[in-house]
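Single-structure report; data block below.
The values are calculated or read from the model by the stated rules, or taken from the named source; none is laboratory data. Keep in mind that what you see is a predicted model, and the values were worked out from it rather than measured. Using ideal geometry, Cβ is built from the backbone for each residue, glycine included, and neighbour counts are taken over all protein chains shown.
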Amino acid sequence: MSAPLDLPKWADTILVPAISVVAAFLVAGLVVLAIGENPLTATRWLLLGSLGTGEGLGFTLFYMTDFIFVGLAVAVAYHAGLFNIGGEGQATLAGLGIALVLNNLTFLPGFLLIPLGILGAAAFGALWAAIPGYLQAKRGSHIVITTIMFNWLASVLIVYLLVNVLREPQSMNPETRAFPEQAQIPFMHDVFAAIGIEIPHSQLNLTLVLALAAAYCVWLLIYRSRLGYAIRVVGSNPSAAIYAGISPARIIIIAMVLSGALAGGLAVNELMGYQHRLLLEFTSGYGFVGIAVALMGRAHPVGIILASLLFGILYQGGAELAFEQPAITRDMVVVIGGIIILFAGALDGLFRRLVAHLFARQKLARA
Amino acid sequence: MSPAIELIAINKSFGAVHANKDVNLSVERGTIHGVVGENGAGKSTLMSILYGFYEADSGEVRVNGKPIAIRSPIDAICAGIGMVHQHFMLVEPLSVVENVMLGAEGGAMLRVGEATVRAELARLAKDYGLEIDVDATVGDLSVGLQQRVEILKALYRGADILILDEPTAVLTPAEADALFDLLRSLKEQGKTVILITHKLREIMAITDRVSVMRRGEMVATVETANTSPPELAELMVGRRVLLRVEKAENTPGAPLLEVENLSVVDSRGVLRVANASFTVRAGEIVGIAGVAGNGQSELLEAIAGMRQPVLGLLRLDGRDIAWSEHNPHRMRQFGLLHVPEDRLRTGLVPAFPAFESAILGFSDEPHLGRGPILDHDRLIADLAKKMEQYDVRPPAPRLKSSKFSGGNQQKIVLAREIERNPKVLLVGQPTRGVDIGAIEFIHRRLIALRDAGVAILLVSVELDEIMNLSDRILTMCGGKITGERKASQTNEQELGLLMAGIVDEAA
């Protein structure tokens, strides 16, 4: 029998993840030491690059927007007991949806294009997740396997389409033509400029607001709605779901559809908010970061926002660090990210048990 | 002569839970010693310490007067202690000989060891009357014989002291009698037996002395001859309890649940219920008696709509239920509610706060929220009220469902179903893992419900419970209904025969 893991909520949601992060940074510091660099200077560059300047902060929040969407996507599926590894593929297809909508419906008035583009992203992402969802629900094909395979399918499909179908005839680049200007989500610096406030330029755009709204909606869905209730019943106790008259198959498909739609947010931020065209590999592996974000955020929207911020700092600060200290390459930054994932995800139980043990002891001492 | 086992001032905590507090236990050699207590009283923890699964935080274990340290089951076996677990630790595809050999193979090649085992098994069979086909595959043996293999395993390893944890939970009354005969003959040969159980009848029938545990403490050890079931129950609970609930003669009304020729096949294609037909009327409790695993669970689930019957007809309050509407959701709408057998796997969601478990199956009811959003304040207030009515402790609707004791979880489930005014109530194992105090409460509720005109179908593996509550009793064996008796006109022996499928002698 393991010791009962009873933790106060704040310890469960804040303290344990914080310990994980600190431990991860300590280990990462050792790695930096091992290649002969000073971990303290490295940390300074990391923080300075991500939070120290207005521009850096903008980039950090831009990455954070990506991570919130994919983190939420993983979390919704997770609540239904599903491990959706397919964020990459779903976001890729969402990008296709955006390009098809925006470049084909140019005759529509501008104020309709942005919502339609977002819907296109959600719909294509949802569809790409719905197929593995259906296969899991009706055929028992394991969702982890199918979503991984669908990542590959998506990546091959998008290469084919961009090279052979969607590429502009006169262009050598495998990318679509630029989206119409009225379909581009405004940059944050332009928005602020419009109301007379000058902020540094960065990729950060209004999609951040959409991401935060999505986080609130996911919270409402999962923890307050009847559907979210059913999703959680299926995820934590399938036989109770059958007893309750909730169809696990139906819920699995619904949860995957929602998950895929949320993953589409990554494409909205990257393509409608920044690149303004569909191009290859715009997902940059962020779909996988979503898994770490959701794990670290304990599949709760607030946790996911915080974890996304952390990973945003890591990505932006890491880029600056690699620039300032050439000995620490971008790959090193990936290593540090990996260590955090290891500690926050895989070793989470270790610290949780430790903290629970300390709490139990303290309780006994008081009793 | 020093006692076979002495436990002195044993303490054991799990986190904040003090499972054993200064427990003392002394078991004389050559006796059968009962240990009783409610669930969570610390019996299993104590025995796990004795068998080396856990180490005590403090205290001393003495075997035959010598203090020893038991750090693992191997230490326990070396000290001559054997244990028969409630859930057997057998490898079903292997033969009896191979199972007994397991962990004592005696070398890289099996041939030599096997000869020793065969010789030893033959001797044990002769000495104790433990007859068994040593080449039979364990998975093919009946539950009673599998238990015998467990006992043989312990004896083969040289056990002088045998611990049995709830050994009769899975046995028919006849098999239980055979087990008791065996235990008596072990005792005559000088073996010591520790019997953990919550069935007071068994304690009275077979033990020499009995120790009672309550909330982690050893509250009494008495000579069985000088005590009585009511006294033991009082010691276990700490207050007087009624072991039998009072009930008036019932006057059954219209048939509310009619089952005709129902057959059910499980996911592996095995026929679990064969041609079951019966009726439950308004204002009566029909009990289904049977040894666990004889189709009662599948029957309940099929009626509730959790699994589709392959054949048969179901009529609710005179209305034929079509196949297309035979699902849990529709059945609830028709007034057929269900207290499932397995609280933790089915009846509630352990990870949810209690107020969310308290709407399981009803989360679509319009009045529980506005549109798609559930009104948590309302759910919490609703449950708080029910918790007061049903005396759920602690009365904390936000507490995780898994944090409540078995009895309180069951009250939450019962409250959920009963408060929705069922016409027909299916009840599976209403008091499994529930403490005696709560059993009394639950039984009274069910009787009150019957008196209010609800048709109740009760499934339980506790024959006492079936006999106590039911107006009519059906027996099931191998998926078939083997008999029907009025509760007032039958007895345990007759039901035992019917449960074993021996219909002629019972008739």
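Restricting the search to the stretch B:73-84, which residues are surrounded by 13 or more Cβ atoms within 10 Å (Cβ to Cβ) and over 20 Å from residue B:2 (Cβ atoms)?
B:73, B:77, B:83, B:84
Can you find even one residue in the stretch B:213-236 that is under 23 Å from the mean Cα position of the chain (by Cα), assigned by TED's automatic domain parsing to the domain that holds residue B:17 and of a type in the set (Val, Ile, Thr)?
Looking through the stretch B:213-236, none of the residues is under 23 Å from the mean Cα position of the chain (by Cα), assigned by TED's automatic domain parsing to the domain that holds residue B:17 and of a type in the set (Val, Ile, Thr).
With the checklist (1) within 14 Å of another protein chain (Cβ to nearest Cβ); (2) assigned to a loop (DSSP other than H, G, I, E, B); (3) buried (at least 22 other Cβ atoms within 10 Å of the Cβ) in hand, flag the one item residue B:392 doesn't pass.
(1)
Is it the case, given these coordinates, that residue A:311 is within 12 Å of the chain's Cα centre (by Cα), crowded, with 24+ Cβ neighbours inside 10 Å and under 25 Å from residue A:27 (Cβ atoms)?
yes
Which one of the conditions (1) within 14 Å of another protein chain (Cβ to nearest Cβ); (2) buried (at least 18 other Cβ atoms within 10 Å of the Cβ); (3) touching a residue at least 60 places away in the same chain (Cβ under 8 Å) does residue B:49 fail to meet, given that it meets all the rest?
Checking residue B:49 against (1) within 14 Å of another protein chain (Cβ to nearest Cβ); (2) buried (at least 18 other Cβ atoms within 10 Å of the Cβ); (3) touching a residue at least 60 places away in the same chain (Cβ under 8 Å), the one that fails is (3).
What number of residues in the stretch B:92-132 are farther than 21 Å from residue B:158 by Cβ, exposed (fewer than 12 other Cβ atoms within 10 Å of the Cβ) and at pLDDT 85 or above?
1
List the pairs whose first member sits in the stretch B:299-322 and is closer than 19 Å to residue B:288 by Cα and within 14 Å of chain A (Cβ to nearest Cβ), whose second member is surrounded by fewer than 24 Cβ atoms within 10 Å (Cβ to Cβ) and of a type in the set (S, T, N, Q), and whose Cβ atoms are under 7 Å apart, counting only residues at least 6 apart or on separate chains?
Filtered contacts from the stretch B:299-322: B:305/B:327.
Has the stretch B:129-152 got any residue that is part of a helix (DSSP H, G or I) and more than 27 Å from residue B:52 (Cα to Cα)?
yes
In this structure, is residue B:150 out of contact with any strand residue (DSSP E or B) (no Cβ under 7 Å at 6 or more places or on another chain), in the same structural domain as residue B:179 (by TED's automatic domain parsing) and either charged (D, E, K, R) or farther than 17 Å from residue B:84 by Cα (or both)?
So residue B:150 fails the test.
Checking the conditions here, which among A:63, A:78 is out of contact with any strand residue (DSSP E or B) (no Cβ under 6 Å at 6 or more places or on another chain), modelled with pLDDT of 90 or more and within 14 Å of chain B (Cβ to nearest Cβ)?
Only one candidate qualifies: A:78.
Within the stretch A:245-255, identify whether any single residue is surrounded by fewer than 24 Cβ atoms within 10 Å (Cβ to Cβ), without any contact (Cβ under 8 Å) to a residue 12 or more places away in the chain and more than 9 Å from chain B (Cβ to nearest Cβ), and answer yes or no.
No, because not a single residue in the stretch A:245-255 is surrounded by fewer than 24 Cβ atoms within 10 Å (Cβ to Cβ), without any contact (Cβ under 8 Å) to a residue 12 or more places away in the chain and more than 9 Å from chain B (Cβ to nearest Cβ).
Please enumerate the residues belonging to the stretch A:79-113 that are surrounded by fewer than 20 Cβ atoms within 10 Å (Cβ to Cβ) and assigned to a helix (DSSP H, G or I).
If the condition is that a residue be surrounded by fewer than 20 Cβ atoms within 10 Å (Cβ to Cβ) and assigned to a helix (DSSP H, G or I), then A:100, A:103, A:104, A:110, A:111, A:112 are the ones that fit.
For (1) aliphatic (A, V, I, L, M); (2) more than 11 Å from chain A (Cβ to nearest Cβ); (3) under 19 Å from residue B:421 (Cβ atoms), each residue gets a yes or a no:
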site: B:332; (1), (2), (3): no, no, yes
site: B:338; (1), (2), (3): no, no, yes
site: B:341; (1), (2), (3): no, no, no
site: B:349; (1), (2), (3): yes, no, no
site: B:358; (1), (2), (3): yes, yes, yes
site: B:370; (1), (2), (3): no, no, no
site: B:386; (1), (2), (3): no, yes, yes
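This table checks each residue for (1) farther than 30 Å from residue A:299 by Cβ; (2) polar (S, T, N, Q).
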site	(1), (2)
A:102	yes, no
A:117	no, no
A:122	no, no
A:125	no, no
A:138	no, no
A:164	yes, yes
A:183	yes, no
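Can you tell me which residue in the stretch A:294-329 is farthest from residue A:13 (Cα to Cα), limited to those that are at pLDDT 90 or above and β-branched (Val, Ile, Thr)?
Going through the qualifying residues, I end up with A:313.
Could you say which residue among B:65, B:37, B:59, B:42 is on the phi > 0 side of the Ramachandran plot, away from chain A (no Cβ under 14 Å) and crowded, with 22+ Cβ neighbours inside 10 Å?
B:37
In the stretch A:128-149, how many residues are touching a residue at least 60 places away in the same chain (Cβ under 8 Å), hydrophobic (A, V, I, L, M, F, W, C), under 20 Å from residue A:288 (Cα atoms) and buried (at least 17 other Cβ atoms within 10 Å of the Cβ)?
4
Given the criterion part of a helix (DSSP H, G or I), away from chain B (no Cβ under 14 Å) and surrounded by fewer than 19 Cβ atoms within 10 Å (Cβ to Cβ), identify the matching residue among A:289, A:293, A:209, A:268.
Criteria check complete, one pass: A:209.
Residues to consider are B:407, B:496, B:437, B:501; find the one that is closer than 24 Å to residue B:303 by Cα and among the small types (Gly, Ala, Ser).
B:501
Spot the failing condition for residue B:222; the list is (1) within 21 Å of residue B:470 (Cβ to Cβ); (2) of a type in the set (Val, Ile, Thr); (3) surrounded by fewer than 19 Cβ atoms within 10 Å (Cβ to Cβ), and only one is missed.
For residue B:222, the exception is condition (1).
Would you tally the residues in the stretch B:324-352 being more than 20 Å from residue A:248 (Cβ to Cβ) and surrounded by fewer than 22 Cβ atoms within 10 Å (Cβ to Cβ)?
3
Is it the case, given these coordinates, that residue B:384 is at pLDDT below 95 and of a type in the set (Gly, Ala, Ser)?
Criteria not met by residue B:384.
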